[in-house]
1. Restricting attention to segment 274-306, which residues are in contact with a Lys or Arg (Cβ under 8 Å, 6 or more places away or on another chain) and among the hydroxyl-bearing types (Ser, Thr, Tyr)?
2. Within segment 67-103, track down each residue that is open to solvent by less than 20 Å² (accessible area, probe 1.4 Å), out of contact with any Gly (no Cβ under 6 Å at 6 or more places or on another chain) and away from ligand 2 (no atom under 16 Å from the Cβ).
3. Out of segment 125-144, which residues are on the phi > 0 side of the Ramachandran plot and either in contact with a helix residue (DSSP H, G or I) (Cβ under 6 Å, 6 or more places away or on another chain) or aromatic (Phe, Trp, Tyr) (or both)?
4. For the subset of segment 120-156 comprising residues that are within 16 Å of ligand 2 (Cβ to nearest atom) and assigned to a helix (DSSP H, G or I), which member is most open to solvent (accessible area, probe 1.4 Å)?
5. Among the numbered conditions (1) within 16 Å of ligand 3 (Cβ to nearest atom); (2) assigned to a strand (DSSP E or B), tell me where Val310 comes up short.
6. Between a residue in segment 63-86 that is within 14 Å of Tyr19 (Cα to Cα) and among the β-branched types (Val, Ile, Thr) and any residue that is within 12 Å of ligand 1 (Cβ to nearest atom) and in a loop (DSSP other than H, G, I, E, B), which pairs come within a Cβ distance under 8 Å, given they are 6 or more apart or on different chains?
7. Does Glu117 satisfy the criteria of being assigned to a helix (DSSP H, G or I) and of a type in the set (Asp, Glu)?
8. Given (1) more than 25 Å from Val385 (Cβ to Cβ); (2) in contact (Cβ under 8 Å) with a residue 12 or more places away in the chain, where does Pro14 come up short, assuming only one miss?
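The values are calculated or read from the model by the stated rules, or taken from the named source; none is laboratory data. Being a predicted model, the structure only gives us computed values, none of them experimental. Cβ placement follows ideal geometry from the backbone for every residue including glycine, while neighbour counts extend to all protein chains displayed. In case anyone asks, the SASA skips ligands and DNA or RNA and just uses the protein heavy atoms, side chains included. Shrake-Rupley method; radii C 1.70, N 1.55, O 1.52, S 1.80 Å.
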Amino acid sequence: MTSLADIAGVGTDPRRGGYSRHGFDRVELELRTWFTEEAGRRGLSVECDRNGNLWAWWGAPGDGAVVTGSHLDSVPGGGAFDGPLGVVSALEAVDILRAKGFVPGKPFAVVVFAEEEGGRFGVACLGSRLLTGAIAPDAALRLSDSDGVTLAEAVRAAGLDPAGFGPDAEALRRIGVFVELHVEQGRGLVDLGVPVGVASSILAHGRWRFSISGEGNHAGATLMVDRRDPMVAAAQVVLAARRAATSVDGARATVGRLIPNPGGTNVIPSSVDLWLDARADDDARTRAVVAEISAAASEVAAEEGCSVTVSEESYGETVVFDAGLRDKVSDVLGGVPALPSGAGHDAGILAGHVPTAMLFVRNPTGVSHAPEEFAEADDCAAGVVALASVLEELAR
Ligand code: GLV
Ligand code: MN
Ligand code: MN
């Protein structure tokens, strides 16, 4: 048996609450070791690919495998389920299939993707993006965390070779089909009164950095009329994000991270960096929301005597999951509902390359990326049984 309780004590964040587990940090490395041991106890052979993703093979590795899994990292102060539920459920599904004497007729693997949340290096789904070529390796390796440690330095410290990072045609060829089980990040299944569903789509989404420069100065000695305060401009960018997303049907815009430089209570900042997360049903709407916020940022920065630059740090177009696979999965499960996902996933990155599906497990709080994220034990168990049935059908 493997359960989330096994890792409940790893990476707890006493300051923020919940968990802070980030790609290639001490905590995530401990979780990777835990995964390797759990896989080893089952006789699965674990290998790390060129981009730091872990693969546990049931039988010999090979092309066209049935692959399931998720990620072990979290957002800062995240919940216990986003990512780890998919990894634990994958291992438990293997146990169920083994116990009933099933032997896969195809190569079969459980995968753990690296730095899915982008909580350390800023780009979500980094492991799957690197593997599929959705991000250039040199750009990825230059990314740095809040302490200035680059991805290249972090992976080297973790015993990996950054020179090997980049598109991995062999690893991609090995994935015949990918099924990711995930806690639902919303209340769709609660409203429908069912424990398990399948994903239909993922919103187009991306991250943009707004760097606003003004004039650092003294909080007491500088008259209000003399200020060029980038924080005042930043505050208006936050409000513009709310306005822009509210005016576009289904759009979402969030500023969840803002860093004033130098960051003193009695100091007018000389610059402020803030990050916009924007999402909508399609590319055009997402781009329109970001364009509106960017235009507002230029305007409010100029009014305040500041300047602003906007740079796109990552982007993914709308994902519509393979309809044939989605229907097959739903049929195997007796006709479970299909739900759209507002959250991004490694499954979304892989969907552009191989048939991909997702199972969602009911989340009674509807909350995610926060400590209140939850799923009942019975629903998690139903998710494992559902995942095992789907994998059995795909791997027979
Ligand atoms: C990841 O969960 C995201 O949607 O940003
Ligand atoms: Mn997440
Ligand atoms: Mn996730």
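1. Passing the criteria: only Thr286.
2. Val67, Thr68, Leu91, Ala93, Val94, Leu97
3. Initially, segment 125-144 is screened for residues on the phi > 0 side of the Ramachandran plot, giving 125, 133.
Cys125 - this is the single residue of segment 125-144 that is on the phi > 0 side of the Ramachandran plot and either in contact with a helix residue (DSSP H, G or I) (Cβ under 6 Å, 6 or more places away or on another chain) or aromatic (Phe, Trp, Tyr) (or both).
4. Applying the first criterion (within 16 Å of ligand 2 (Cβ to nearest atom)) to segment 120-156 yields 120-129.
Now narrow it down to the ones that are assigned to a helix (DSSP H, G or I): 126-129.
Details: Leu126: 4, Gly127: 2, Ser128: 0, Arg129: 20 Å².
My answer is Arg129.
5. (1)
6. Close Cβ pairs (under 8 Å, with a partner that is within 12 Å of ligand 1 (Cβ to nearest atom) and in a loop (DSSP other than H, G, I, E, B)) amount to Val75/Asp82; Val75/Glu117; Val75/Gly119; Val75/His369.
7. Working: assigned to a helix (DSSP H, G or I): no; of a type in the set (Asp, Glu): yes.
The answer is no for Glu117.
8. (2)
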